[in-house]
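Colleague: Got a structure for you, questions after.
The values are calculated or read from the model by the stated rules, or taken from the named source; none is laboratory data. Just so it is clear, the structure is predicted and the values come from calculations on it, not from any experiment. No Cβ is skipped: glycine too gets one built from the backbone with ideal geometry, and neighbour counts run over all protein chains shown.
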Amino acid sequence: MECTPGCSIGPMATHPAATVTLPRLNITVPEDGLSIGEVAQATGLSIDTLRYYEKAGLLLDPAPRDPGGRRRYGRNDLDWIAGLIMLRETGMSIADVRRMADLSRTAGTEPDRLAVLEGHRLRVLAELERTQAHLKALEKKIAAYRGVLGPAAGATTTTEQDTTA
């Protein structure tokens, strides 16, 4: 895996792959890598989640260990984790993330990876459509309440709305 500006998960000696642009964590990674706590802080994931992702086979490789046996994450690890976060935040199942990781470890599986991503894209688009329909319904409901309450109803601040909801 290698990373280019904009973050690209692509060819690496042990994981030949087509270059795929993914989100990049904006953090400097020292030569000896980052501890699991530093990665947790940088990603917003818990230490337990990072350990689970490794144990569940969602990372390309288990995190390398220092001489004391502590995990040390490099730039490539962080870039993969950033992509994993993007996939999970868009609703990709653990099973499909695992399938992507498994496929990414094997050369020549680009058509299979594409199929997984295209299937996920269709699910994301369907969810967006559903969310947009819900948003329209919310907007109609808000407009109805404003119509009942009159011009002063639009004067509430976001903070007031949040505390009265």
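Matching residues to (1) surrounded by 12 or more Cβ atoms within 10 Å (Cβ to Cβ); (2) of a type outside the set (A, V, I, L, M, F, W, C):
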| site | (1), (2) |
| --- | --- |
| 72 | yes, yes |
| 110 | yes, yes |
| 114 | yes, no |
| 129 | no, yes |
| 135 | no, no |
| 148 | no, no |
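Colleague: Failed condition for residue 38, given (1) outside any helix (DSSP H, G or I); (2) more than 16 Å from the chain's Cα centre (by Cα), with all others met?
Modeller: In the conditions (1) outside any helix (DSSP H, G or I); (2) more than 16 Å from the chain's Cα centre (by Cα), residue 38 misses (1) alone.
Colleague: A follow-up question, please. Take the residues in the range 81-99 that are touching an Asp or Glu at 6+ places or on another chain (Cβ under 9 Å) and not hydroxyl-bearing (Ser, Thr, Tyr), then tell me which one is surrounded by the most Cβ atoms within 10 Å (Cβ to Cβ).
Modeller: Here is the first cut: in the range 81-99, the ones touching an Asp or Glu at 6+ places or on another chain (Cβ under 9 Å) are 87, 90-91, 99.
Going one step further and asking which of them are not hydroxyl-bearing (Ser, Thr, Tyr), we end up with 87, 91, 99.
Details: 87: 21, 91: 12, 99: 18.
Per the criteria, the residue is 87.
Colleague: Still on this model: Pull out all pairs, ordered by first then second residue, where Cβ-Cβ is under 9 Å, the residues are six or more apart or on different chains, the first lies in the range 83-112 and is basic (Lys, Arg), and the second is in a helix (DSSP H, G or I).
Modeller: That search, which allows pairs on different chains as well, returns 88/94; 88/97; 99/112; 99/113; 99/116.
Colleague: In addition: Answer yes or no: is there a residue in the range 129-146 that is of a type in the set (A, V, I, L, M) and either in contact with a Lys or Arg (Cβ under 8 Å, 6 or more places away or on another chain) or on the phi > 0 side of the Ramachandran plot (or both). Lay out the reasoning, then the answer.
Modeller: Within the range 129-146, the first condition is being of a type in the set (A, V, I, L, M), and the residues that meet it are 133, 135, 137-138, 142-144.
Then drop every residue that is not either in contact with a Lys or Arg (Cβ under 8 Å, 6 or more places away or on another chain) or on the phi > 0 side of the Ramachandran plot (or both), which leaves none.
Looking through the range 129-146, none of the residues is of a type in the set (A, V, I, L, M) and either in contact with a Lys or Arg (Cβ under 8 Å, 6 or more places away or on another chain) or on the phi > 0 side of the Ramachandran plot (or both).
Per-residue answers, yes or no, for (1) of a type in the set (D, E, K, R); (2) closer than 19 Å to residue 60 by Cα; (3) not in a helix (DSSP H, G or I):
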| site | (1), (2), (3) |
| --- | --- |
| 91 | no, no, yes |
| 97 | no, yes, no |
| 100 | no, yes, no |
| 107 | no, yes, yes |
| 111 | no, yes, no |
| 114 | no, yes, no |
| 117 | no, yes, no |
| 124 | no, no, no |
| 129 | yes, no, no |
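Colleague: Does residue 73 satisfy being touching a Pro at 6+ places or on another chain (Cβ under 9 Å) and modelled with pLDDT of 95 or more? Steps first, answer last, please.
Modeller: On the way: touching a Pro at 6+ places or on another chain (Cβ under 9 Å): yes; modelled with pLDDT of 95 or more: yes.
Judged against the criteria, residue 73 is a match.
Results for (1) in a helix (DSSP H, G or I); (2) within 15 Å of residue 86 (Cβ to Cβ); (3) in contact with a helix residue (DSSP H, G or I) (Cβ under 7 Å, 6 or more places away or on another chain); (4) among the aromatic types (Phe, Trp, Tyr), shown as yes or no for each residue.
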{"site": "25", "(1), (2), (3), (4)": "no, yes, yes, no"}
{"site": "28", "(1), (2), (3), (4)": "no, no, no, no"}
{"site": "52", "(1), (2), (3), (4)": "yes, no, no, yes"}
{"site": "59", "(1), (2), (3), (4)": "no, yes, yes, no"}
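Colleague: Residue 83: in a helix (DSSP H, G or I) and closer than 19 Å to residue 33 by Cβ, yes or no? Show your work before the answer.
Modeller: Details: in a helix (DSSP H, G or I): yes; closer than 19 Å to residue 33 by Cβ: yes.
When the stated conditions are applied, residue 83 passes them.
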